[in-house]
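A short worksheet on the structure shown next.
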Amino acid sequence: MTSVLYFGDCRFDPQREELWREDTLVPLRPKPLALLRLMLAAPGRPLGKAELLERLWPGVVVGEGALTVCVNELRSALGDRARTPRYIETLHTRGYRFLGVPRSAPSVIAPTSGFVGRERELERLRALANEALAGRKRMVAIEGEAGIGKTTLIAELLRELRERADVAVGRCVEAYGAGEPYMPLLDALAALCRGVQGARVRAALHRYAPTWLVQMPAHVPESEQPMLAARAAGNSQPRMLRELADVIEVLTRERPLVLVLEDLHDSDTSTLTLLRYLMQEREAALLVLASFRSASSLPLRSLVAELLSHRQCELLELSPLTRDEVAGYLATRLEVFDESLLETLHARSGGNPLFMVTLVDHVLQQDGALAQGMPARLRPLIELQLARLSAEERELLLTASVAGQQFTVAGVAACLHSDRTELIERELVRLTRESPLLRIADEQRWPDGTLTQGFAFRHVLQHEVIYGLLAPARRRVLHDRLAQCLLRAFAGEPATIAAELAVHFERGERHALAAGAVADAAASALLRSAQSAALAYTARGFALLERANDVALRRQLELRLRLAEGAALLVLNGFGSSEAERAYRQAHELCAHNDDPALLAPALCGLWHHALTRARYAEAERIAAQLTVLARLYPDPILRMQASNT
C-alpha cells in the first residue's frame, strides 16, 4: 500500500504515515496508526478482537481495555463517533469493522482544500512565519473580497505550521452582533484550552491573565470560580491588555504561537485596540494572521494603516485568480478538459475561487459540460446546489441556517421540535459527504451537560444565500424556538451567549426578551471594560423596548439599560459628564417603580460621583446619607461597600 488513500473527508499517506482531515494534519500515536493501516487494508471485513490484539501487540499479553483505548483514539482522530459511526463500527462482543471505502486518486478527483495559485502569497507568509517562530513578532493583514480564498490561504499555511507552533483560531461573527467585545480573542483562547497544550494554557491564564480566564467558565472548575472572580475584580481595559500580552509572552517562551483572527471586518473596537497594543508590546514568537473583506469599517482600515506606517504589520491583498491558476485547479479536478471550458470558467467566475469551485462542482454533475444557461453570479448557483437536494434535505439545511454559519445538532433539533437527534446527526453527516455545502465542526458541551456535534456551512456566502430563502414567518418561529432552547441550556451562564440570544429573540420578534439579552450583553461588555460596546448595546436595547408592550417589564429593562449606559459614560466622558448624570437621573426615577436596592444603589452612586466632581457637596452629602440608610435596611456586602465609599 503506497498510494495516498481517500475516504470521506480524510486522506492517509502510508509512506509519510500522515492522516489528514480536510486541511488539518492529525497526529497519531503508533498503535492507532497501526490500527488504521489494518482497517484500510480490510475495509468492510469484521476484525475480531483477538486478531487485532495479536497484530497490534504481537507476543505481548494485554487486555481488551488497551484495544478500546486505541480504537477511541483513532475515532477521535477521524472525527468519528461510536454512536453514529461513519468509519469504525463496533460489532458487539466480537470486534470492529471499517465502514469507509478507501480509494486512490480517481479520474475525477474530489475537492481537497481548493488551494490553487497563491504561490507567491504563500511563500511570503512562510517567510514571515519563519521570522515569527524565531522570536520576531509578525502580523499579516490578509485582505480580499468574499470568496477570494483568504481562509484557504491561511489553512494551507497552518498545515505546514501545526507541528512547529500552537495554533489558535478566533472568528468574528456578524450574526451575533459585531460589537461583542474581544469575541475572536476569547474564541482563540478557548481553542487553546481545548487543545493538546490545554493544561499548560489554562495554568498560564490562571496565573497571569485571570480577567480573561474568568470569562471562560467552561475551562474553570466550579470550586475555583469564586476565587478567580475575586482575583479578576477591579477589571479595566489597560489591565486586560497587559494580562494578555503577559500570557502570550509566557506561552511563547516554550512554543511559538500562531493567532488567527478571521473576518475582522465584523470585529469590535476593543479587539482592534488589543491588536494595536499587542503589536507595540515586547517581542514574542508570535504570528498574527488577520483576514478581512475589502469593504471594511473605517476603524479597521485606520488600524491597518497605522500598523503599516509603523512597520508593525504587512498587508497581503488577494486578487482574482489568473487564467493559468484556474487551469491549474481544473487539472486537480478533471483528467481532461478543453480550452473552451477553461475560458468560460475563468470569465464566468471572474477569478473568484469560491465561484470557480462551485462552477466546477456543477460541471462534474453535468458530466463535464457547462450549461449555456449557467448563472453568471454565485448566488443563483448556490440556490441551484440546494435545489438538487431532496425536500427533506433542503428543509434540514434551511432550518440549520437559522443558527448561523456554524450550528449544532441540538440547535437544529430544537428548531424542528424533535428529539430524534441521532437521526438528524446521521443526515447531516451524510450531507457533509455528498453535498459541497456542509462540513463537520467541533463538538460542543453546553452548561446543562448537553454534548452536541457541530457542523458548519463551508462558506459564509452559502449560509447567507440559504438563510435568505427562508420565509419570514417561518424564520421568526425557528429563531424563537432556538432562543428558548439556548436560554434553558445556558441558564447558569446566560452572559456567555447574551449577544446570540439577543439576535434570535429579536428576529423572533420577542422584543422584550431581546432587550433583556441586550442588557446582559451590555453588562458583560462593562465587565470587559469595553464601554463603547456597552453603549452600542444600550442604544440597541432602547430601540427594542419601543416595540415591547408590557409597561412594567419595559420599565425594569430600561432601568438596567440606563445603569449600564451611565456606567459606560462615566468612564468614557468622566465623572462630571452631563450625559452620565442624565442616564443616572433617569435610572433613579425608574427606581420608583422598582424596590430592588441592588438597582437603586448604583443609580445613587452614579449621582454621588457626578455631584462630588461638580463640587455640589450638599447634594453629594444628601445622596451619601441615602446610601447609608439603604445599607442598614438591606445588609448586603456590596451595598455596604458602596455606602462606605461615599
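Relative to the longest principal axis of the Cα atoms of the chain, the long axis of helix 269-280 lies at roughly 70 degrees. Computing mean projected area of the Cα convex hull in nm² for the structure here picks out one of (i) 52.9; (ii) 36.6; (iii) 32.8, namely (iii). Restricting region 436-530 to GluC sites (Glu not before Pro) that sit in a DSSP loop and have at most 16 other Cβ atoms within 10 Å of their own Cβ leaves 443, 509.
Distance from the C-alpha centroid of region 225-274 to that of region 450-522: 27 Å, rounded to the whole angstrom. Going by the alpha-carbon gyration tensor, a ≥ b ≥ c the square roots of its eigenvalues, is region 571-632 rounded (a/c under 1.5) or, if a/c is not under 1.5, prolate (a/b greater than b/c) versus oblate? It comes out oblate by the Cα gyration axes.
Near the amide H of residue 438, within less than 5 Å, lie the amide hydrogens of 458, all on another chain or at least 5 residues away, with H placed in the peptide plane. Counting only lysines at least 8 places from residue 49 when in the same chain, those with an alpha carbon closer than 22 Å to its own are 31.
The residue list 561, 332, 6 was ranked by how far each Cα lies along the charge dipole of the chain toward its positive end, using unit charges on Cβ atoms, and 561 comes out on top.
In the chain, what % of DSSP beta bridges are antiparallel (nearest 5)? Counting DSSP beta bridges with both partners in the chain, the antiparallel share is about 55 percent. Per atom type, the chain shows carbon and sulfur on 51% of its accessible surface, probed at 1.4 Å. Once you have a ≥ b ≥ c as the square roots of the Cα gyration tensor eigenvalues for region 483-593, tell me rounded if a/c is under 1.5, and otherwise prolate or oblate according to whether a/b is larger than b/c. Oblate. Amide H contacts for residue 260 (H built 1.01 Å from N in the peptide plane; partners 5 or more residues away or on another chain; cut-off under 5 Å): 168, 169, 170, 289. Please give the helix 298-309 orientation as an angle from the longest Cα principal axis of the chain, in degrees from 0 to 90, rounded to the nearest 10. For helix 298-309, the angle is close to 70 degrees. For region 6-109, a crude dipole built from +1 on the beta carbon of Lys and Arg and -1 on the beta carbon of Asp and Glu, taken about the Cα centre, is about 260 debye to the nearest 20. Residue 402 sits with roughly 10 Å² accessible to a 1.4 Å probe, with DNA, RNA and ligands left out of the calculation.
Checking the a/c ratio against 1.5 first, then a/b against b/c, what shape does the Cα gyration tensor give for region 358-511? Cα axes put region 358-511 in the prolate bin. Stretching residue 301 away from residue 416 to a fully extended chain increases their span by 37.2 nm, per 0.36 nm per residue minus the current alpha-carbon distance.
Each stretch of four or more DSSP H residues adds -39500 (n - 2.57); spread over every residue of the chain, this sum gives -17500 deg cm²/dmol at 222 nm. Rounded to the nearest 20 debye, the dipole magnitude of the chain is 840 debye, with +1 charges on Lys and Arg beta carbons, -1 on Asp and Glu beta carbons, and the Cα centre as origin. If you sort 173, 429 by accessible surface, 1.4 Å probe, largest first, the order is 173, 429. For region 28-103, the list of trypsin sites (Lys or Arg not before Pro) that fall in a loop by DSSP and count at most 12 other C-beta atoms within 10 angstrom reads 83, 94.
Could you list the GluC sites (Glu not before Pro) in region 263-359 that lie in coil according to DSSP, counting only those with at most 13 other Cβ atoms within 10 Å of their Cβ? For GluC sites (Glu not before Pro) across region 263-359 that sit outside H, G, I, E and B with at most 13 neighbouring Cβ atoms in 10 Å, the list reads 283, 335. Put a dot 7 Å past the Cα of residue 42, heading toward its Cβ, do the same for residue 194, and the two dots end up 3.5 nm apart. With respect to the chain, whose longest principal axis is taken over its alpha-carbon atoms, helix 472-489 is tilted by about 80°. Protein heavy-atom accessible surface, 1.4 Å probe, per residue over the chain: 45 Å².
The values are calculated or read from the model by the stated rules, or taken from the named source; none is laboratory data. None of these values were measured; they are calculated from a predicted model. Because the Cβ atoms are built from the backbone with ideal geometry, glycine has one as well, and the counts that use them run over all protein chains shown. Areas reflect the complete protein model, heavy atoms only, side chains present, ligands, DNA and RNA absent. Shrake-Rupley method; radii C 1.70, N 1.55, O 1.52, S 1.80 Å.
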